[in-house]
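Heads up: the structure comes next, in structure tokens.
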Amino acid sequence: MYSTTALLALAAAIAQAPALVAADDNATSVSTLTFKNAFVSSGIVPEVIPALDPAVSFYASYRAEDGHSELLVPGSSLSLAEARQFPIEFSVESLNNATNITANTRYLIYLLDADAPSRSSPTARNLRHYLAGNYTLLGQNSSVLATAQRLAIPDANRRPFTTFTAPDPQPNTGVHRYIYALYTQPARWNTQGFEGSGMEAQVQNWNLSRWRTQLGLGPAIGATFFTIDTNANGGNGTSSSSTPGGSGAVGLSAYSLYVSGLGTVAALFAMMLV
């Protein structure tokens, strides 16, 4: 017969192992001031957009090369393989800091390349890779950052104006900055496509000021960005998650804990067989 103590220990170890896997990225909140300062230090403000004063912390989450879910913090360096995937999810913190927000508010999100076709000669600046409205709060916490609320588009309203086009900058064209921005959506666009504003489908040289006027938008309530260094790794960029001390090191640590946990389970099972 197995001892009661051994069985209880085995049950506890098994229950603990999944939790270690779920916590593999140790994501932490980023303040709105950090977002703001990152946009200035990167040159995006005022080079690409005149100003950013975020009311919320806005996040995208992506699948890192090592398989872990990672939080996109401002200035994250992504490889091409990571950037080519649509985000796992979008999420927000501190939404109560934004004005005129209700439970029924909808949001729109875009992704653009500020440095197309190259950082030194951005003749196609603000190349739009994605634009969609009708994002709503799901009433769920983020799967990557527990203190953030998830945003998603209900299936019935899933009609992006610009379908996601994966970033694909050419090798040796410098460090490209890719910007995700979040806006509150005027109610008229809840049921009407953006083409009703006179907005054109052309994605190059997107005039953000004109677009905001066309849709009647206020300033972005949140934004984040990532970079792809096309001069590195044969044009494939480098991943923040794989750099020493980066978020990937955290993921690796959690994975090691998980393996250690499995080892504990195996050891306890062996004890029971003695």
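Of everything in the range 76-91, what is open to solvent by 30 Å² or more (accessible area, probe 1.4 Å) and closer than 18 Å to THR28 by Cα? Give them in sequence order.
Looking only at the range 76-91, we keep the residues that are open to solvent by 30 Å² or more (accessible area, probe 1.4 Å), and these are 81, 84-86, 88.
If the condition is that a residue be open to solvent by 30 Å² or more (accessible area, probe 1.4 Å) and closer than 18 Å to THR28 by Cα, then ILE88 is the only one that fits.
If the condition is being of a type in the set (Ser, Thr, Tyr) and either open to solvent by 10 Å² or more (accessible area, probe 1.4 Å) or modelled with pLDDT under 95 (or both), then the range 56-75 contributes TYR62, SER69.
For the range 145-164, a residue qualifies if it is closer than 16 Å to GLY133 by Cα and β-branched (Val, Ile, Thr), and the qualifying residues are ILE153, THR162, THR163. Among the residues of the range 218-232, the one identified as among the polar types (S, T, N, Q) and in contact with a helix residue (DSSP H, G or I) (Cβ under 7 Å, 6 or more places away or on another chain) is THR224.
For the range 92-102, the tally of residues that are touching a residue at least 60 places away in the same chain (Cβ under 8 Å) and surrounded by fewer than 20 Cβ atoms within 10 Å (Cβ to Cβ) stands at 5.
Of the residues LEU268, LEU273, the single one that is open to solvent by 40 Å² or more (accessible area, probe 1.4 Å), at pLDDT below 90 and more than 18 Å from the chain's Cα centre (by Cα) is LEU273. Just one of (1) assigned to a helix (DSSP H, G or I); (2) among the aliphatic types (A, V, I, L, M); (3) touching a Ser or Thr at 6+ places or on another chain (Cβ under 6 Å) fails for LEU71. It is (1). Inside the range 134-188, can you point out the residues that are more than 28 Å from PRO122 (Cβ to Cβ), of a type in the set (Lys, Arg) and within 15 Å of the chain's Cα centre (by Cα)? The answer is ARG150, and nothing else. Restricted to the range 142-187, and to residues there that are among the basic types (Lys, Arg) and part of a loop (DSSP other than H, G, I, E, B), the residue that is surrounded by the fewest Cβ atoms within 10 Å (Cβ to Cβ) is ARG158.
Can you pull out every residue in the range 23-68 that is of a type in the set (A, V, I, L, M) and either in contact with a helix residue (DSSP H, G or I) (Cβ under 7 Å, 6 or more places away or on another chain) or assigned to a strand (DSSP E or B) (or both)? Outline the logic, then answer.
At the first step, the residues of the range 23-68 found to be of a type in the set (A, V, I, L, M) are 23, 27, 30, 33, 38, 40, 44-45, 48-49, 51-52, 55-56, 60, 64.
The answer is ALA23, VAL45, ILE49, ALA51, LEU52, ALA55, VAL56, ALA60, ALA64.
The values are calculated or read from the model by the stated rules, or taken from the named source; none is laboratory data. Small disclaimer: the values here were computed from a predicted structure and weren't measured. Cβ: placed from backbone, ideal geometry, glycine included. Neighbour counts: every protein chain shown. Areas reflect the complete protein model, heavy atoms only, side chains present, ligands, DNA and RNA absent. Shrake-Rupley method; radii C 1.70, N 1.55, O 1.52, S 1.80 Å.
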